[in-house]
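Colleague: Dropping a structure here in structure tokens format, bear with me for questions.
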Amino acid sequence: MLRLWEWDKEVFDFINQGLRSPWADAFFRFFTWLGLGWVQIGILLLIWLKEEKLRESMMTCFIGWSIASVITHTLKFTIDRVRPSTLLHAFVAQDEKILIYSFPSGHTATSFAIACALALSLPKHRLLVSSIAFVVAFLVGVSRIYRGVHWPTDIIASALLGFSSGILAHLLMNNWKERRARLAGGAEK
């Protein structure tokens with residue numbers, strides 16, 4: 001456990017202190033913004049309204065986002081982990097003055113849930129769009145370390161949580177489609 005804690009602190013310091021620059025401040029502020037729930041839901045809703053052929057994929061993403069959100073908020077109040085923003089040497093962004101409930105990262109979990117759901121549900125151009133979604137999810141996670149509010153292990157666990165939520169959403173959506181098809185087939189007879 002001590003080695004993991006040392007690793008957590010070293011990686012946190014490298015990202016939080018070592019990458020510091022005005023350009024990186026703006027870059028990571030943007031990716032943290034992309035990890036906000038209302039921004040993610042807004043983007044999914046906009047695509048859902050504009051692209052009829054992608055509605056099923058957007059619904060899968062929303063289900064994955066919902067699963068990740070519920071689990072994240074449940075764990076946050078169950079596991080009372082102190083945030084790295086309590087460290088005296090940590091740089092903490094002005095709009096990130098949060099001291100408790102570090103584990104897990106909601107921004108990261110929902111970003112990975114959406115990326116995974118997209119990868120599993122998009123009919124065409126899966127590789128390009130999925131790759132972009134996973135890069136965005138990764139950068140959202142790194143932004144939470146850079147801005148001083150999450151430990152690297154928070155981000156890794158949250159990515160796994162999000163990935164699992166995306167898989168579960170895909171399975172639930174497939175199950176729903178199969179049941180709907182069976183019911184429609186039974187109604188035709």
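The values are calculated or read from the model by the stated rules, or taken from the named source; none is laboratory data. Fair warning: this is a prediction, and the values are worked out from it, not measured in the lab. All Cβ positions, glycine included, derive from the backbone under ideal geometry; neighbour counts span all protein chains shown. Just the protein is used for accessible areas: all its heavy atoms, side chains included, with ligands, DNA and RNA removed. Shrake-Rupley method; radii C 1.70, N 1.55, O 1.52, S 1.80 Å.
Colleague: What accessible area per residue, rounded to a whole number of Å², is obtained for segment 1-156 using a probe radius of 1.4 Å?
Modeller: I get 55 Å² per residue for segment 1-156.
Colleague: Hand me the GluC sites (Glu not before Pro) from segment 1-89 located in a DSSP loop with no more than 12 other Cβ atoms within 10 Å, in residue order please.
Modeller: Of the GluC sites (Glu not before Pro), the ones in loops of segment 1-89 whose Cβ has at most 12 other Cβ atoms within 10 Å are 51.
Colleague: Cα to Cα, under 20 Å, and not fewer than 8 places away if on the same chain: which aspartates and glutamates meet these conditions relative to residue 177?
Modeller: Straight-distance partners of residue 177: 51, 52, 56, 188.
Colleague: Before rounding to the nearest 500, sum -39500 (n - 2.57) across all DSSP H runs of length at least 4 in the chain and divide by the residue total; then give [θ] at 222 nm in deg cm²/dmol.
Modeller: On the way: 7 runs with 135 residues, N = 189.
Value at 222 nm, helices only, nearest 500: -24500 deg cm²/dmol.
Colleague: Starting with the highest mean, order 172-185, 71-84 by the number of other Cβ atoms within 10 Å, averaged over the residues of each peptide.
Modeller: Going by the mean number of other Cβ atoms within 10 Å, highest first, we get 71-84, 172-185.
Colleague: Follow-up question, since we're still on this one. If you keep only loop residues by DSSP, which trypsin sites (Lys or Arg not before Pro) in segment 83-133 have at most 11 other Cβ atoms within 10 Å of their Cβ?
Modeller: The qualifying sites are 97, 124.
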